[in-house]
Amino acid sequence: MIDVAIVGAPGYAGAELTRLLAAHPTLRPAMLTSAAEAGRRVGDVYPALAPFVDAVYVEPDPAEIAARCRVAFLAVPHTAALEIAPALLEAHVTVIDASADFRLKDPAVYEHWYGVPHTAHDLLAEAVYGLPEFDRTQLPGARLVACPGCYPTATILAATPALESGIARGDRVIVDAKSGVSGAGRTPGPGTHFPAVHESLAPYKVTSHRHTPEIEQGLSLVSGLDTRVVFTPHLVPMTRGLLATAYLELNEEISDAEAVTLYRTRYRDEPFITVHDAGRMPSTLEVRGSNRAHIGIAVDARAGVLIVVCAIDNLVKGTAGQAVQCANLVLDLPETAGLDLPVPVV
């Protein structure tokens, strides 16, 4: 067994990591840290986890983590990872970071979109972007993995085959995306309070969402161009799930069947991706609670546009499950370990 720590364990991402690692055949959650919940039992905060995790939250002490654990999952807000990751790496702990702090390679871009100084420039070049289906070659043996955001995960998976193959233009991609309220985190706020979201659908942070530069960074690498993304996220009245629709202008005529073949060829060896038959679109329900991404494709021949829809669970493939998938690859474990499970059907 490999002992691991979850820093920020009581948050939604941390709780999902706890759930997944409790059943992992090799990774054992030996330390669950939280400054706010220190001293409380996991089962008191999340009764559903009580039969599986008999642990108490403890203070996040890097020296104690290093003494007890080989790997640390950081399920913390941005800037918090900037403080703890360098100390853990110095102590030879592998860091799987689910925050935004090491995703963007240009610190100036991070500082512009997040409004704070980046205090660990030296680690940006080393950080490996943790979307295995995009590029897994640098993950084995990595010391620091920057797991993608939920919106970038779904969008990059939706657009990559079309841009990579050249069938679609890469200078501009339009993305319309919708996420469940859990994407806002466990701390309540006016915009995520039940009366504010129940029976309501609303866009938010239009033209200013912090995942925009991350999506552009990923798609620019794929297209070889300076890709600009028009990104409109929406909050929908459900707990979990994310649906991203990408609109890509075509360079050539292609049928629905040909587009499906292109995507299936690109993702044929990916254990967590399903490309639906032509004419069938995915739903968030079919991936709920799983590390899966389901993709649907349609060609608007009249407009010359390829429409690709990707459904994921924002807390699993969009956060915690992806972190476990990356850790498996870093540690040379089976990629699907602890993740290849059927999902609830309702």
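The numbers here are math on the coordinates, done by the rules we state, and not lab data. Keep in mind that what you see is a predicted model, and the values were worked out from it rather than measured. Glycine also receives a Cβ, built like all others from the backbone with ideal geometry; neighbour counts cover every protein chain displayed.
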Review point. Quick one: net charge of P62's neighbours, Cβ under 12 Å, K/R +1, D/E -1?
Key: -4
Check your understanding: How high is the relative contact order of segment 2-126, in percent, counting Cα pairs under 8 Å that sit 6 or more residues apart?
Key -> 23 percent
Point to revise | Listed peptides 203-213, 177-187, 7-17, 115-125 by packing density, highest first (mean Cβ within 10 Å) | key: 7-17, 177-187, 203-213, 115-125
Point to revise | Antiparallel content of DSSP bridges confined to segment 2-126, in %, to 5 | key: 5 percent
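Can you give the % of DSSP beta bridges in segment 151-313 that are antiparallel, to the nearest 5?
70 percent
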**Study point:** Mean Cα-pair separation over length for segment 239-345, i.e. relative contact order, pairs under 8 Å, 6 or more apart, %
**Key:** 30 percent
Exercise for review: Take every DSSP beta bridge with both residues inside the chain and express the antiparallel ones as a percent of the total, to the nearest 5.
Suggested key: 45 percent
Exercise for review: Kindly provide the GluC sites (Glu not before Pro) of segment 184-249 that DSSP labels as loop, not H, G, I, E or B, and whose Cβ sees at most 14 other Cβ atoms within 10 Å.
Suggested key: E199
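Quick check: from the Cα gyration tensor, does segment 23-71 come out rounded (a/c under 1.5), prolate or oblate?
oblate
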Revision key, fill the gap. Amide H proximity to G185 below 5 Å, modelled H, separation 5+ or other chain, gives none
